[in-house]
Amino acid sequence: MGTILSLKNIVKIYPNGVVANKGINIDIEENTIHAIVGENGAGKSTLMKIIFGEEAAEEGEIFYEGKKVRFKNSLEAIGRGIGMIHQHLMLAPTLTVAENMVLGTEPLKWGFFLDNKKILKMTEKACKEFGFNVPLNKQVKDLPVGTRQRIEILKVLIRNAKLIILDEPTAVLTPQETEVLFKSLRDLQKRGKTIIFISHKLKEVKQIADRVTVIRDGKDIATEDADKLKEHQIAELMVGREINFERMSLPEKIGEPYLSVKNLTYINEENLKKLNNISFEVHRGEIVGIAGVEGNGQTELVEILTGLRPATSGHIHVNNREITGLSPRQIRERKVAHIPEDRMENGVAERASIQENIIVDRYYKEPFSKHFSLNWKYIESYTGRLIKDFNILAQSGKTHITALSGGNIQKVVVARELSFDPELIIADQPTRGIDVGSEEMVHNHLKNARDRGIAVFLVSADLDEVLKISTRILVMYNGEIAAEFKNTKDITQEMLGPYMLGVKNQNIVTAEER
């Protein structure tokens, strides 16, 4: 097995002076799955963009299939058999799956018109050849994110890619979708493809990768066979210190109910009952975690709680005051924070700076504004403190959101939501797309909030996260609360599984009763 890609002393310095890559050396063997891991902002995505021709290195050499290359743009890289699937999917939502797959290389009839028959034939052949079952005639906007991920891979494969770069491909996938993706990647490897896999999820890295390279602060720290490294060793190499993977200690005292949900039902536009008569409470000083396969009503529940979607029936009370049907701003004024499931769709304004995104919910209040104008001196100081406290890698608060890595964008959202003195925190996938060190930091912030008597409602597709930080766990299945675990100390994923899959359904289940 030879080396398909060799990076020699790659240096990348941006015009603003940020050094993203500091002499990186990596060899990628052909027909392997090679994982590259590192903290948010460590330089992983920049390095991939250099390989793909989207960025130019100041120094260093790239050898591909034994020949020195320097791609001027991504089209040159694609022409040489390199494909890249970006962290934020790059599909045209109003085009069909088939149209997206051939976008940029569309076959034409008579030189002017799309040859739809040929497009369908090409895409059907690719789906059959690579074993990807996707609805070719449906518009992308109507498809779940897991299917969109497979479409991105097909876009690369239909262009005969030999080397495929996947930048955080599982960041927005459910565990079930991840399993499907990994099976597809293994199948592609068997067909002779080489895959570079960028991820923060160390369990997944151990599961899928043959080799692992760790990047820290723009430098390659280590490259080793995946089976020779344990998760905690990879984590320590990434962040340069020991990471605590133990479960959080339970709170000493739990207060009165702060969030109360009674008989909540939601029927969507297609007359499907997504929530069925849900009732539960979240007390001050506890973290209530929701476990469940995504798509069982969690998204609808969070959107109703935060005013983004109206309930069909039922009641929601915060601090004994009803908030059912209030707007997001009215609910926020009741000191309710919301870390949204999709940071790009509901979490940030992409065209704004960090400081503008931080103050978006408080710009009209003192001390952020004075005498009908913004107090930029205070805003700059305030944002600077949050950048430091939440370890956001950025030059200043004026840095544009789109200049940040996905994980650092997530940290901006978390910083904003935890910094306005909330009494209830609704955290939906709070650590999605961030590295293990930043994950520990977010968990500690949530624990500190809990210990100050704040009520925390956690929704996460990561069962390890739910088990690690929850005081109490509710399991959702088919829009209902299938089980409640009051003592989380000895609860395992295997114990939650039957309730998540609908095999069992009880009102209350405790560890003692088992």
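The values are calculated or read from the model by the stated rules, or taken from the named source; none is laboratory data. Quick caveat: nothing in here was measured; it's all calculated off a predicted structure. Using ideal geometry, Cβ is built from the backbone for each residue, glycine included, and neighbour counts are taken over all protein chains shown. With ligands, DNA and RNA removed, areas are computed over all heavy atoms of the protein, side chains included. Shrake-Rupley method; radii C 1.70, N 1.55, O 1.52, S 1.80 Å.
Considering only Thr96, Phe112, Ala171, whose Cα is most displaced toward the positive end of the charge dipole of the chain, charges sitting on Cβ of Lys, Arg (+1) and Asp, Glu (-1)?
So the residue furthest toward the plus end is Phe112.
For every helix of n ≥ 4 consecutive DSSP H residues, a contribution of -39,500 (n - 2.57) applies; sum these over the chain, divide by its total residues, and give [θ] at 222 nm rounded to the nearest 500 deg cm²/dmol.
Values: 16 runs with 155 residues, N = 514.
Dividing the helical sum by the residues of the chain leaves -9000 deg cm²/dmol.
Under a point spin-label approximation (7 Å from Cα along Cα-to-Cβ), what is the Lys486-Asn133 distance to one decimal in nm?
Distance between label points: 4.4 nm.
Put a dot 7 Å past each Cα toward the Cβ at Glu231 and Asn268; how far apart are the dots in nm?
A separation of 3.1 nm, rounded to one decimal place.
What size of dipole, in debye to the nearest 20, comes out for the chain about its Cα centre when the only charges are +1 on Lys and Arg C-beta atoms and -1 on Asp and Glu C-beta atoms? Kindly include the intermediate steps, with their values, before the conclusion.
Working: 70 positive and 71 negative charges, 206 e Å.
Charge dipole, the chain, about its Cα centre: 1000 debye, nearest 20.
Given +1 on the Cβ of Lys and Arg, -1 on the Cβ of Asp and Glu, and no further charges, what dipole in debye does the range 57-195 carry about its Cα centre, rounded to the nearest 20?
On the way: 23 positive and 17 negative charges, 129 e Å.
With only Lys, Arg, Asp and Glu charged at Cβ, the dipole is about 620 debye.
Return the subset of Lys121/Lys155; Lys203/Lys228; Lys125/Lys162; Lys44/Lys72; Lys22/Lys155 for which the Cα-Cα distance in this structure is over 22 Å, preserving the input order. Please list the in-between numbers first.
Values: Lys121/Lys155 14 Å; Lys203/Lys228 14 Å; Lys125/Lys162 18 Å; Lys44/Lys72 20 Å; Lys22/Lys155 32 Å.
Over 22 Å Cα-Cα: Lys22/Lys155.
What Kirkwood hydrodynamic radius, in Å, does the range 58-143 give when the mean of 1/r is taken over all pairs of distinct Cα atoms and then inverted?
Details: mean 1/r = 0.0653 Å⁻¹.
The Cα-based Kirkwood calculation yields 15.3 Å.
For an R0 of 60 angstrom, estimate the FRET efficiency from the Cβ-Cβ distance between Glu380 and Glu179 and round to the nearest 0.05.
Numbers: r = 46 Å, r/R0 = 0.76.
Calculated value: 0.85.
To the nearest Å, what is the center-to-center distance of the range 1-66 and the range 85-152, using C-alpha atoms only?
Cα centroid of the range 1-66 versus Cα centroid of the range 85-152: 29 Å apart.
Under 5 Å between amide H atoms, partner at least 5 residues away or on a different chain: which partners does Ile85 have, H built in plane at 1.01 Å?
For Ile85, whose amide H was placed from the backbone, the distant partners under 5 Å are Ile165, Leu166, Asp167.
Using a Förster radius of 56 Å, what is the FRET efficiency between Leu501 and Asp389 based on their Cβ-Cβ separation? Nearest 0.05, please. Don't skip to the end; give the middle numbers.
Details: r = 40 Å, r/R0 = 0.71.
So, using R0 = 56 Å, E works out to roughly 0.90.
Quick one: putting +1 on the C-beta of Lys and Arg, -1 on the C-beta of Asp and Glu, what dipole do you get for the range 342-478 around its Cα centre, in Debye to the nearest 20? Before the final figure, lay out each step's value.
Working: 17 positive and 19 negative charges, 94 e Å.
Value, rounded to 20: 460 debye.
Pairs of alpha-carbon atoms within less than 8 angstrom and 6+ residues apart define the contacts here; what relative contact order does the chain have, in percent? Don't skip to the answer; put the middle values down first.
Working: 1034 pairs, mean separation 76.1, N = 514.
Value for the chain: 15 percent.
In units of 2.2 N^0.38 Å, what is the alpha-carbon radius of gyration of the range 1-70?
Values: Rg = 12.1 Å, N = 70, 2.2 N^0.38 = 11.1 Å.
So the Cα radius of gyration is 1.10 times the expected 2.2 N^0.38 Å.
When you take every Cα atom in the chain, what is the radius of gyration, and what is Dmax, the widest Cα pair distance, in Å?
For the chain, the Cα-based Rg and Dmax read 23.9, 75 Å.
Defining a contact as two alpha carbons under 8 Å apart and six or more residues distant in sequence, what relative contact order in percent does the range 25-180 show? Please list the in-between numbers first.
Working: 171 pairs, mean separation 40.6, N = 156.
Across the range 25-180, relative contact order equals 26 percent.
Grab the alpha carbons of the range 407-503, take their convex hull, and tell me the volume per residue in Å³. The partial results should precede the final answer.
Details: hull volume 10.6 nm³, N = 97.
Per residue, the Cα convex hull of the range 407-503 comes to 109 Å³.
Could you sort Ser405, Ser279 by accessible area so the largest value comes first, with the probe set to 1.4 Å?
Working: Ser405 40, Ser279 60 Å².
If we order Ser405, Ser279 from most to least accessible, we get Ser279, Ser405.
Suppose we look only past 23 Å in the calculated P(r) of the range 177-275. What percent of the Cα-Cα pairs does that tail hold?
Of all Cα-Cα distances in the range 177-275, 55 percent exceed 23 Å.
So, in nm, how far is label Lys67 from label Glu106 when the simple model puts each one 7 Å beyond its Cα toward the Cβ?
Computed distance between label sites Lys67 and Glu106 equals 3.1 nm.
Write down the Å³ per residue value for the convex hull defined by the alpha carbon atoms of the range 98-144. Can you show the working numbers first?
Working: hull volume 3.8 nm³, N = 47.
So the per-residue Cα hull volume is 81 Å³.
Over the range 58-139, what is the mean sequence separation of C-alpha contacts under 8 Å (at least six apart), divided by residue count, expressed as relative contact order in percent? If you can, show how the numbers build up before the last one.
Numbers: 49 pairs, mean separation 20.2, N = 82.
Rounded, it is 25 percent for the range 58-139.
Apply the Karplus parameterisation 6.51 cos²θ - 1.76 cosθ + 1.60, with θ equal to phi minus 60°, to every residue of the range 476-486 and state each ³J(HN,Hα) to the nearest whole Hz, in sequence, with x for glycine and proline.
Running phi through 6.51 cos²θ - 1.76 cosθ + 1.60 with θ = phi - 60° gives 9, 8, 6, x, 10, 7, 7, 6, 10, 10, 7 Hz.
Under the classification rounded if a/c is under 1.5, otherwise prolate if a/b is larger than b/c and oblate if not, where does the range 125-180 fall, given a ≥ b ≥ c as square roots of the Cα gyration tensor eigenvalues?
Taking the square roots of the gyration eigenvalues as a ≥ b ≥ c, the range 125-180 is oblate.
Ignoring everything but the protein chains, give the 1.4 Å probe accessible area of Arg241 in square angstrom, nearest 10.
110 Å²
Could you please report the charge total around His200, scoring K, R as +1 and D, E as -1 over all other residues with beta-carbon less than 15 angstrom from its beta-carbon? Each step should come with its number before you reach the end.
Working: positive: Lys44, Lys201, Lys203, Lys206, Arg216, Arg343, Lys411, Arg432; negative: Glu39, Asp167, Glu168, Glu204, Glu231, Glu236, Asp435, Glu439, Glu440, Asp462, Asp464, Glu465.
Net of charged neighbours comes to -4.
Which whole-number value in Å² is the accessible area per residue of the range 334-390, probe 1.4 Å? If you can, show how the numbers build up before the last one.
On the way: 3360 Å² over 57 residues.
Using a 1.4 Å probe on heavy atoms only, each residue of the range 334-390 averages 59 Å².
Residue by residue through the range 123-138, what is 3J(HN,Hα) from phi via Karplus (6.51 cos²θ - 1.76 cosθ + 1.60, θ = phi - 60°)? Round to whole Hz and write x for glycine and proline.
6, 4, 5, 5, 4, 5, 4, 9, x, 9, 9, 10, x, 5, 9, 8
Using a 1.4 Å probe, what is the accessible area per residue for the range 209-269, in Å²? It would help to have the intermediate numbers written out before the result.
Numbers: 3570 Å² over 61 residues.
Value returned for the range 209-269: 59 Å² of accessible area per residue.
Quick one: Cα convex hull volume of the range 83-218, Å³ per residue? Please report the intermediate quantities before stating the final value.
Values: hull volume 16.5 nm³, N = 136.
Once divided by residue count, the hull of the range 83-218 is 121 Å³.
Taking H placed 1.01 Å from N in the peptide plane, check which residues at least 5 places from Glu39 or on another chain put their amide H under 5 Å from its amide H.
Long-range HN contacts for Glu39: Asp217.
On the principal axes of its Cα set, how long, how wide and how thick is the range 213-345? Give whole Å, largest value first.
So the three principal-axis extents are 55, 42, 26 Å.
When the Karplus curve 6.51 cos²θ - 1.76 cosθ + 1.60 is applied with θ = phi - 60°, which whole-Hz ³J(HN,Hα) does each residue of the range 389-403 get, with x for Gly and Pro?
Values, residue by residue: 5, 9, 6, 7, 7, 7, 5, 6, x, 7, 4, 5, 4, 5, 7 Hz.
When the Cα centres of the range 302-322 and the range 358-386 are compared, how far apart do they sit, in Å?
About 29 Å separates the Cα centre of the range 302-322 from the one of the range 358-386.
In whole percent, how big is the carbon plus sulfur part of the accessible area of the range 175-233, probe 1.4 Å, protein atoms only? Mind showing how you got there, number by number?
Working: 1290 of 2790 Å².
Carbon plus sulfur share of accessible area: 46 percent.
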